[in-house]
Amino acid sequence: QVQLVESGGGLVQPGGSLRLSCAASGSIFTIYAMGWYRQAPGKQRELVATITSGGTTNYADSMKDRFTISRDNAKNTVYMEMNSLKPEDTAVYYCNAEVKTTRYQRPIYPWGQGTQVTVSS
């Protein structure tokens, strides 16, 4: 199977920065899109950003000026650089990927376990 493991979350002051990482491992033939989502307490999970294997990115409007998604295809890893963090960015951040485990099977969409980001003074 395929596992996604996030890292890099933590406590940061307003205006600070964090860099999240998510590494995919397991039975991987190829990975198409990878992305970050977040879920704040009492709210639904929402899209933060996605990136294709070719590097095309897509951001939620409220984050496109502060967050930057990137990936290293050789390492099956996606990153999220988060700058100018605000208290409202506090959430659990989840990684997701579109993964084919063999050439002929349909993709699967595993999730990571999430990493907590807390923005507070």
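The values are calculated or read from the model by the stated rules, or taken from the named source; none is laboratory data. As the structure is a computational prediction, the values presented were derived from the model and not from experiment. Cβ: placed from backbone, ideal geometry, glycine included. Neighbour counts: every protein chain shown. Each accessible area value is taken on the protein alone, full model and side chains, heavy atoms only, with ligands, DNA and RNA left out. Shrake-Rupley method; radii C 1.70, N 1.55, O 1.52, S 1.80 Å.
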Selection status of residue 79, in contact with a Leu (Cβ under 9 Å, 6 or more places away or on another chain), at pLDDT 95 or above and of a type in the set (Phe, Trp, Tyr): yes
For residue 114, indicate whether it is out of contact with any helix residue (DSSP H, G or I) (no Cβ under 9 Å at 6 or more places or on another chain), exposed (fewer than 15 other Cβ atoms within 10 Å of the Cβ) and among the small types (Gly, Ala, Ser). no
Just for strands (runs of 3 or more DSSP E) wholly inside region 1-94: which have at least 3 residues that are in contact with a Cys (Cβ under 8 Å, 6 or more places away or on another chain) and either open to solvent by 30 Å² or more (accessible area, probe 1.4 Å) or of a type in the set (Gly, Ala, Ser) (or both)? none
